[in-house]
Structure formats: C-alpha cells, structure tokens
1. Could you grab me the full set of residues in the stretch 14-44 that are farther than 17 Å from Ser241 by Cα and within 13 Å of the chain's Cα centre (by Cα)?
2. Taking the stretch 321-343, which residues are closer than 28 Å to Arg436 by Cβ and away from the ligand (no atom under 12 Å from the Cβ)?
3. If Ala179 meets every condition in (1) under 22 Å from the mean Cα position of the chain (by Cα); (2) at pLDDT 95 or above apart from one, which number is that one?
4. Can you list the strands (runs of 3 or more DSSP E) lying wholly within the stretch 1-71 that have 2 or more residues being under 22 Å from Leu451 (Cβ atoms)?
5. Which ones in the stretch 24-33 are closer than 13 Å to His52 by Cα, among the hydrophobic types (A, V, I, L, M, F, W, C) and away from the ligand (no atom under 11 Å from the Cβ)?
6. Looking at Glu86 and the list (1) among the acidic types (Asp, Glu); (2) surrounded by fewer than 21 Cβ atoms within 10 Å (Cβ to Cβ); (3) modelled with pLDDT under 95, which single condition is not satisfied?
7. On the given criteria, is Val327 farther than 24 Å from Leu245 by Cα, crowded, with 17+ Cβ neighbours inside 10 Å and either out of contact with any helix residue (DSSP H, G or I) (no Cβ under 6 Å at 6 or more places or on another chain) or of a type outside the set (Asp, Glu) (or both)?
8. When you go through Phe317, Phe346 one by one, which is the residue that is farther than 17 Å from Tyr136 by Cα, within 15 Å of the ligand (Cβ to nearest atom) and either more than 20 Å from the chain's Cα centre (by Cα) or buried (at least 24 other Cβ atoms within 10 Å of the Cβ) (or both)?
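The values are calculated or read from the model by the stated rules, or taken from the named source; none is laboratory data. Since we're looking at a predicted model, the values are computed, not measured. Here the Cβ positions follow ideal geometry from the backbone for every residue, glycine too, while neighbour counts run over all protein chains shown.
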Amino acid sequence: MKTKRKVRVVLVPYPFQGHITPMLQLGTILHSKGFSITIAHTNFNSPLPSIHPQFTFLPLPDKLDGFDTSFYNILNAVSVMNTNCEAPFEEYLVGMMEEEELLACVIYDSIMTFVDVVALRLGIPTMVLRTTTAAYMHSHILMFRLLAHKLLPLPDESQLHATIPKAYPLRFKDLPLDATKEIPKAVLDFIHSYTDIRSSSGVIWNTVDKLDSWPLQQLQRNSPAVPFFPIGPLHKMAPTSTTSLIEEDTNCMSWLDRKAPNSVVYVSLGSLATIDEKELIEMARGLAKSEQPFLWVVRPSLLSGTDDAMGSLPEDFKEVIGDRGLVVKWAPQKKVLAHPAVGGFFTHCGWNSSLESICEGVPLICRPCFADQTVNARYITHVWKIGIELEINNNNSNKNNCLEKRIERAVRTLMVSEQGKEMKKRAIEMKVEVERSMEIGGSSCQSLDHLVEFIISLSR
Ligand code: UDX
C-alpha cells in the first residue's frame, strides 16, 4: 500500500454463519494488504474477537435478545436489526472520521441496509460483498422478468421441472422463491432490497470468474459504472483462522486418518437448513445401507422443532454402523474436505460449502434446501458436472425408489461407480482451474490487486 497514513475499512456482515465467514475472510485478505479492519457486528451471533486479534470489533446493540431469529421470522429480525443498528453505527463512524487514520469505505452485506443510509448521510463510500454466486443473483433478475411478464406464478406444479426459456440450466423450481405461489409483497420488497447495490461504489464477489463468468457479465452489463471484483475463493486467498460460531469437534480428524484415501463421504447440510424426522431417519438408513464410510454432521438444530437432532437417530444406528460411520455436531469442515480420506460431499449446496468442496476437488451429492442452494446445485450437476442431485420430494411411491434407497444409490454412485470417478476427475480439474485463478496473473489475483487500488482511491 503506497499511502503514508493507515487506511481503515469497516466491514458489516449479516450475522449468520454462511455470511459472517466470507466477510471475516475478506477482512483477513484486506488486512494482509495493509488495511486496518473494523468489524461492526450485531450482538446476535457475534464473532469471537479473541480469535481475530488483528481486527477491531465494534458491537452494535441490535436489541434482538429474546427475539425470534429463526428462518421463519427472518424478515422481522432483519427489520429490527436494521432499525436498531443505524444510530450506534452512525455515532461510531462520526467518531472515526475525526481520527488520524483515513476511512476508505464500508463494505457490507446488502441485507444490512442501515449501512447505506448512514454512509450516504456522512458521505462515506460503500461497497457490497456478495457471498453467493453471480448465477444466483442473476436468477433474481430472471424471476423479476417472469413476474413482470405475468408468467409467474405457474398455473400448476407440473411445469416446475421445465427449463426456464433462455436460462439453462435453471428450471422454474430452481428460482429463489416458490414459482407456484403468489409472492407476498414484504418478501418481494426484501428480495429487491437484497439484490439492490444502492449507492455502492463497487461489488466484491466470493466467486471465481471461470466458474461464474456468464452471469457476472450479465450483471455487469446492468451496472456498467460499478466495478466488479470477483476475488474468490476467499478462504484460499488468505489463510484464515476459524470463523465457526459453533465449537468444532476436531476428533473426527484422527478418525479420518484411519480411513483409506477417497473412501469417506462427508455429510453436512450447513448451518441453517432443517429437515424433518422422517428424512433424518431415511438419511441414517441410506448411509448405513450404502456400506461406504461416512462422517455426518448432525447439528443440534438440524431437525425442525428440536435442539437435539442426534437424539432422533434410530436407536440401533451406532450398532449398525460401528466404526464405519462417525456422527458429530459440528466439524472443522474445511480441514475435513481437504483430508485425503474424503472422496465425496453430501451437501445442501450453500455457497461456502460448495466452494470449499470445489477447492479440494471433492465431488458432491446435492440436497439443496433454500435460497441460492437450488441454483448452486444446478450448476454443480449440469454446468460443472461435478455432482449428482438427490430428489427429495419424489412422489414415486415405489419401495425401491424411497428416499433411503435413493440416498444409498447416490452415495454408491458418487463413491464407487465409473460415473463417480468421472465426476471426481472433473472436480480435480476444476480445483486446478481455481488454483490458477489465484496465481499471479490469474483472474482472482488480478481482481484483488485492482480492489486494493480501488479502495485506496476511495480514501482520498
Ligand atoms: C447460508 C445459506 O444456507 C447458503 O445457501 C448461502 O450461500 C450462505 O448462507 P449456510 O447454510 O451456513 O449458509 O451454508 P454455507 O454457505 O455452506 O456455509 C456453511 C459454513 O459452515 C461453511 O463455511 C462450512 O465450512 C461451515 N461448517 C459447516 C463448518 O465449519 N462445520 C460444519 O460442521 C458445517
């Protein structure tokens, strides 16, 4: 960095694991480039300052204590957050502007709309960090276009599997919201607000140009004056300490050490997705019957309505699987995926998980749940061709096609079939491509250089 005075960047994450992680990773990258970093965060799901001594932490009193922050009430929780964080954030920025250090900009998750309001008032530049792919953001444009042409909601469910015209590989069922239902105005307003970059000076993407280039180009065409910086995969661009909000069970690493290379399927549905008890039990039976070794993250909140999902596993499960399977509450996922014993990932296709898997050349079984996961799953299975999709809501009542059987077959296909080997080969090729993007002259490396120059230019 060529400026003499230190330059500070303030980062404001949306307080959920899949969003906090990339923001902290971005902080680490920018810190390694010489910037001072402040993380302005809600008290709810606060990151642990002791793990990141290089950052300054600014807690924002969100008044969410006792508030329902579950997925089903999330719009209300976001509204409370945005209302309550505005004044303390403004007070803090005003204080900072009087200090010796230059304040270059605030980088924020676009769900935290209060940032734009405050920054505009104070004349401080902002940038948005996109924690998903451009393909997912582009799917919103498709959805709004279909709504404008009154092509949504679909008349009935039979069209859900049809490909959206000129939008391969996406089907109507992959759109961000249920294509058969009227979308409530509050939800549409939220989506509009989320996709809007407002007064941002630039957009930073945790994606890789090679993986996401067509959607990136489409979105850039819509905002030609706003520079895009696709600098992913963030977790590989700078070494980061753990960003987990939940304690990691590291014992699984020595268990993996005892397994043969490429033999274990790692199973995790991320930090937010929930399933019902029937699916949990079918997963258990399918994994057991696959006869492949597996490491399964059964997060306490994985089962809707309880905080002890493990308690609902079949009674004989441990006995049946013996040492072939291991169940943990939360794993050091990046290390797990990088372990030579892991040969496949049964995932909900959250973008962090997908990218972490791609970076280790691990092919996937896709069980998307919501948000960007359906779009990610389509790209994994139909564009990058490094995974297979597991249909959950399959109405076929044939006993040989029940979920348990489909899981058993999917695991075997991924782990021991020729088709699985082909996917593994492509996943390794993709890993190499992503590594190239991070080398000097590679797309992400160049983009990061431009981003550093751009942030410095904002501080003048
Ligand atoms: C949410 C949305 O579900 C996702 O679709 C969106 O892309 C980001 O926000 P989440 O469900 O948390 O994310 O999934 P994901 O994006 O995959 O992030 C999960 C993170 O938790 C990953 O970084 C993963 O490494 C970590 N993790 C998960 C662990 O460290 N241990 C685990 O046991 C499971």
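1. Once the filter is applied, which keeps residues that are farther than 17 Å from Ser241 by Cα and within 13 Å of the chain's Cα centre (by Cα), the stretch 14-44 yields Tyr14, Pro15, Phe16.
2. Filtering the stretch 321-343 for residues closer than 28 Å to Arg436 by Cβ gives 332-343.
His339, Pro340, Ala341, Val342, Gly343 - these are the residues of the stretch 321-343 that are closer than 28 Å to Arg436 by Cβ and away from the ligand (no atom under 12 Å from the Cβ).
3. (1)
4. In the stretch 1-71, 7-12, 36-42 are the strands (runs of 3 or more DSSP E) which contain 2 or more residues that are under 22 Å from Leu451 (Cβ atoms).
5. Leu26, Ile29
6. (3)
7. Taking the combined requirement at face value, the residue does not satisfy it.
8. Numbers: Phe317 fails: within 15 Å of the ligand (Cβ to nearest atom).
After applying the criteria, what remains is Phe346.
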